[in-house]
Ligand SMILES: Nc1ncnc2c1ncn2[C@@H]1O[C@H](COP(=O)(O)OP(=O)(O)OP(=O)(O)O)[C@@H](O)[C@H]1O
Ligand SMILES: [Mg+2]
């Protein structure tokens, strides 16, 4: 990790019809880090991601992504951020090669380097042998890996992953998380990972942020939060214990 700040927010707030969804959020993301973005349903995680992407405007506060204001420069910001969601909407009639070729074309990658880049991405996500098959026949796990290949084609510096393992079986989930970890190490990509699978978040994330009712109540390496919140100084803690402690305190 370089220590370089790629995303920064201050007092970022979103109010929908008088209800505060995100409440004065101040945090940053460093280049090359995997940041676990946690919180119960309705805590404001997706709303935060939408503000970072410039897809919804903050009511108050500000956010900078690579030095830019996403609501003023949505295209520039979106070209640098990959967004991996559950159920990626792919073009079912295409095969994986065709789909990545298409992504390369949309992103202005010249034909002579596109093929090589597609091959590299397919290999990285373990889909090279299946790349001639129609995406329609792909399992959920394969689709999610194809989504990661798309991020690689675009050479995104930042990736938002909102529940990327939803509906995946335990083995596919593990492999997906290993892949994310490996790609961050190899490409220095920064990942904001929102997931409820706390044991996996604990395994791959450098830091986590816990949102409860719109507020980020904790932010830091799991080890540090365990020390501060549970008073545990060795490694006999789980992120789940830390999370539940904050969650119980944050109950209305
Ligand atoms: N477009 C919208 N209009 C009105 N209220 C909204 C809108 N989007 C989200 N909200 C509300 O904002 C709050 C935060 O929702 P958000 O989707 O950001 O939560 P989340 O942390 O992503 O939850 P989950 O884990 O269920 O995905 C919720 O109370 C939700 O009902
Ligand atoms: Mg959400």
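The angle between the Cα long axis of helix 111-124 and the main principal axis of the chain comes to about 60°, on a 0 to 90 degree scale.
Computed over the chain, the P(r) tail beyond 24 angstrom holds 49 percent of alpha carbon pairs.
The slack between residue 178 and residue 134, meaning 0.36 nm per residue of separation minus the straight C-alpha distance, is 13.3 nm. The Rg/Rh ratio for region 9-159 is 1.03, where Rg is the radius of gyration of the alpha carbons and Rh is the Kirkwood radius. Shown for 123, 157: other C-beta atoms within 10 Å of each C-beta, ranked fewest to most, produce the order 123, 157.
Sequence gap at least 6, Cα distance under 8 Å: using those rules, report the relative contact order of region 101-252 to the nearest whole percent. Over region 101-252, the number comes to 15 percent. Only helices enter this figure: runs of n ≥ 4 DSSP H residues, each worth -39500 (n - 2.57), summed and divided by the residues of the chain, yield -12000 deg cm²/dmol at 222 nm to the nearest 500. Put simply, when 49-57, 72-80 are sorted by average Cβ atoms within 10 angstrom per residue, most first, you get 49-57, 72-80. Per residue, the Cα convex hull of region 123-179 amounts to 89 Å³.
GNM on the chain, alpha-carbon springs under 10 angstrom: the most fluctuating residue among 233, 162, 69 is 233.
When the Cα atoms of region 20-68 are aligned to their principal axes, the ranges along those axes come out at 29, 22, 18 Å in descending order. Each residue in 136, 207 was given a count of other beta-carbon atoms within 10 angstrom of its own, and listing them fewest first yields 136, 207.
May I ask you to derive the FRET efficiency for residue 234 and residue 105 from their Cβ-Cβ distance with R0 = 30 Å, giving the value to the nearest 0.05? Calculated value: 0.05. For region 82-211, the Kirkwood radius over C-alpha pairs fed into Stokes-Einstein at 10 °C and 1.306 mPa s yields D = 106 µm² per second.
Given Cα pairs under 8 Å that are at least 6 residues apart, what percent is the relative contact order of region 147-231? Reported as a whole number, the value is 25 percent. Counting only alpha carbon atoms, the long axis of helix 140-154 and the longest principal axis of the chain meet at about 80°. Which part of region 204-221 falls in the paramagnetic zone of residue 251, meaning amide N under 19 Å from the point 7 Å along Cα-to-beta-carbon? The answer is 211-215, 217-218, whose backbone nitrogens lie closer than 19 Å to the label point.
Computed from Cα atoms, the angle from the helix 96-106 axis to the main principal axis of the chain rounds to 80 degrees.
Taking other C-beta atoms within 10 angstrom as a stand-in for reagent exposure, 59, 137, 165 fall in the order 137, 59, 165, fewest first.
Values in this text are rule-based calculations from the coordinates and carry no lab data. Just so we're clear, the structure is a prediction, and the values are computed from it rather than from any experiment. Backbone-built Cβ (ideal geometry, glycine too); neighbour counts: all protein chains shown.
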